[in-house]
Amino acid sequence: MSGFFYFYNMINTSFLEKIAATILHDYSSRLFEITIILPNKRAKVFLIEALRKQIDQTILSPNIVSIEDFVQEVASVRSIDPIELLFEFYEVYLSITEKQHQQSFELFANWAKTLLQDFNEIDRYLLEPSHVLSYLKDIEDIKRWGIEVENKTKLLENYIDFWKLLPRYYEAFYTHLVNKGFGYQGLIYREAVNNLNHFSNTITNKTYVFAGFNALNAAEEKIVQHLLALDQAKIFWDIDQTFLNDPYHDAGLFVRRFKESWKHYKSNPFEWIVDDFSQSKNIQVIGTPKTIGQAKLSGSIIENIIKDNTNCSLDKVAIVLGEENLLMPILYSLPYSVGALNITMGYSGKNNPSQILIAKLFKMHTNAISRNSTNYVFYYKDVLDILTHPLIEPHAKTSQLVKVIKENNYTFITYSKLNELNLNSSDLFDLLFQKWENGSLAVLESISALLLLIKENFNNENEEEKIAKTFVFSIFKVINKLINYYSQHNHIDNIQTLYAIYKQVIDIAEVSFEGEPLNGLQIMGVLESRVLDFDTVIVTSMNEGKFPAGKSQNSFIPYDVKKELGLPTFKEKDAIYTYHFYHLLQRTKNIYLIYNTENDGLDPGERSRFITQLEVEKQPKHNLTFDIYNPVLPATAYKPVVIPKSDAVMERLKEIAETGFSPSALTSYIRNPIDFYFQKILRIREVEEVEENIALNTLGTIIHETLKTLYDPLIDKFVSEEDVFNCFKLLDDEVLRQFKLVYKEGEIKKGRNLLAFEVAKRNVFNFLKMELDAIKNGDAIKIIALEKTFQRELNHPKLPFPVLIKGNVDRIELRNGKIRIIDYKTGKVEKANVILKSWNGLTQELKNDKIIQVLAYAFMFEKEAGDIPMEVGIISFKNLKSGFLSFGFKEDKELNSTVTKEILNDYLDEVVLLLNEIFNANIPFEEKIN
């Protein structure tokens, strides 16, 4: 055969090279009549390359298509994307369901996505829909058999009615799609089977070659067998004898079934059975902690491959990701020397950085709309989230605006004020903050224009920008599909509903990467590796529950029903994963299997059963090694930060002494001098984060402010039982008001925040109850001050200069002729925390922080107290049963709770020692590691 290099029996030949050689040998004179059908589109490029390498002249390539494209051709029905499918189903749902029972789109989408998957499976396996769906209704009926008719609630009746409607939903939806000429995968497969005879009559001169398949659904089986029986097709399997001949090996589960049951193989040879898996292989199983550890290890392996083979091309090297969320860490972990790179995998829209920007944009505008009906008011955190997003910050030139917002402490910013503050107006800025007041379609068009502007900022100079552009484009497509839908169906015109719909559709929108498949390192998902062969493969996430996936069943059809009807269960899905895994290893020489060793939440850190199987069924020629990879630790231990006190630092300390040392500043120094340096000297505040769940300090603020508001009218009055009863009446409303003031835009009606809300109410209620019991027992309580700031200058001969002690006191009262200064604590405090046995070393131990704090209040209030005896202490809301925990000095066996002049003098001597250490220029700020 002139012009062709035929090497059918070459050792180490890839499957696609063998297919190419067979096609060129058997059909050289009529390649234009041949159609090769592969499991996915990606393999087409590699097959064309295999054909090119085996010829030395120009030829017409045979037609090469994926199985899905071929089935669409047979059915004459085009495929519809999942987002459009959901909208079409909603239209059918509204037409069938009674108006009073119709759900909003966001509620509908929650169950519709699962139901559509079941419709798809029913059709792909050619089952009778009415039989399967009525089966589900009967199961629900049986579950509630014991409930008498008169005891059935309206909710239960509606639930049963839903299952009764399923056959109608299916039938109406199927008809609706067929009439429009498009459909989901299962519908196309069913229509293809229905159209088989007509199709086969029109292709008398064509031959179809099916190559590289493993699991076929019932529709695919019927189509293939039909064409084989008419001698219009050939099929070539890629199955190793190790798996095929072992009746228990899942990698050969499907092919064994087909070999035994297909009529075609009664009189025709089974092609091809190979013996590649048992050949020599180097398999390294490596455990490493966490996701990032797997990414770093993969990068190191690639780096070593490049170092060991200076002239080595990475074209035959693949990284196969068991989890898609490893993609970004992998990309950042690859060495610069990688050069060409090709990503072929689906990446969830939820993890898309562009999607995160759009989600923040929706949050900002919906908060603005719901916050004030008369003015468009943005919350500053929402604004900063947008302005500091990496897709916006480099291009909107708003750094000055961010600075102004932070410096001037703008909490809420009107639309007009924001435009006034922005000195660098741009189209990008205008699109971000223009009012959303012209309906959903206008909002979507605005977002579409915004994404186009962002896209123009990329220059495609590096891989990172190309990937970022891909992310932007994927969201742009979703937004344009929503525009198309809203243009046709404008009955849903509410911004909040639009956001709910957006969140639903983004879940089923995947990012598709484009690259040069034949050049460079290949990064792919498990399904994308079908039919392909590599010399070196790195497989990540080789953990049980990840590879293979767990036994999750996102379906309304129970396991036993699937088993009876012949639908695939997790057993079949496991077998598909098993085939993909072993096919990856089949012709590969060097294999790296990486798994996470850490126990993370629901992930037990257990290595995959596939690894155990490789170990138990080890082939003689396989070199199988196991290792644990840990990050490299530095040779020397971490050295604490030491910062000497410069002249500027000493000046700042004098400034603090003049403006006021708070008790918390003193305890901050005791806890860690370096924290004191950052917070007080450099004035670096912690970055304020949006709280998804109410933090402990936020909860404390709410309790403090609630008690202050309830007791404010009682200042300078003796508290009566009636006063406390009145506080009980106002309690619920006041806690709710404080939550809204402190937690602003946060959701407090569900989840952990609702629990925190109830905890706050319960804490204040218990405090009021304790107060009421005290009054009933005869306590005379007069409120002197609430949440008030006090200050007093400390002059001491041992201090280099006077120091102002300044702080905010939660409550001061006169109780039974004694001044009581109270500090509220949201956390748990025990009596032992406020008892002191010796003054020596008071300021050296962090455990004394509460004593240092409450005695500072006593010092500040001493002059106002005059001759009235004074006690100080803590009320702990997690230990209310212990009541007021007063400071006490325990000398010998006697406990003194009254703050006397002697106690204050001894306390001040210790505080002066601490202050002198702070003011000593020769003692640097040294970090405490523990």
Discussion item. Surrounded by fewer than 16 Cβ atoms within 10 Å (Cβ to Cβ) and either over 26 Å from residue 388 (Cβ atoms) or at pLDDT 90 or above (or both): is that true of residue 663 in this structure?
Written reply: no
Practice prompt. Of the conditions (1) touching a residue at least 40 places away in the same chain (Cβ under 8 Å); (2) among the polar types (S, T, N, Q); (3) within 30 Å of residue 655 (Cβ to Cβ), residue 905 clears all except one; give me its number.
Written response: (1)
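Please pick out the residue among 767, 801 that is modelled with pLDDT of 90 or more and either assigned by TED's automatic domain parsing to the domain that holds residue 383 or part of a helix (DSSP H, G or I) (or both).
Residue meeting the stated conditions: 767.
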Worksheet item: Of the residues that make up the stretch 69-82, is at least one surrounded by fewer than 21 Cβ atoms within 10 Å (Cβ to Cβ), at pLDDT below 90 and in a helix (DSSP H, G or I)?
Response: yes
Item to complete: State the number of residues belonging to the stretch 307-335 that are over 19 Å from residue 518 (Cβ atoms) and in a helix (DSSP H, G or I).
Response: 12
Worksheet entry | First in the stretch 862-885 and in contact (Cβ under 8 Å) with a residue 60 or more places away in the chain, second anywhere and acidic (Asp, Glu), Cβ under 8 Å, 6 or more apart | 875/823
Worksheet item: Does residue 922 satisfy the criteria of being surrounded by 12 or more Cβ atoms within 10 Å (Cβ to Cβ), closer than 28 Å to residue 644 by Cα and among the polar types (S, T, N, Q)?
Response: no
Item to complete: Answer with yes or no whether residue 881 is assigned to a helix (DSSP H, G or I), under 44 Å from the mean Cα position of the chain (by Cα) and among the basic types (Lys, Arg).
Response: yes
Practice prompt. Go over the candidates 843, 789, 826 one by one and state the one that is under 19 Å from residue 882 (Cβ atoms) and among the hydroxyl-bearing types (Ser, Thr, Tyr).
Written response: 826
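The values are calculated or read from the model by the stated rules, or taken from the named source; none is laboratory data. On a predicted model such as this, the values are computed, not experimentally measured, just so you know. Neighbour counts run over all protein chains shown; Cβ positions are idealised from the backbone, glycine included.
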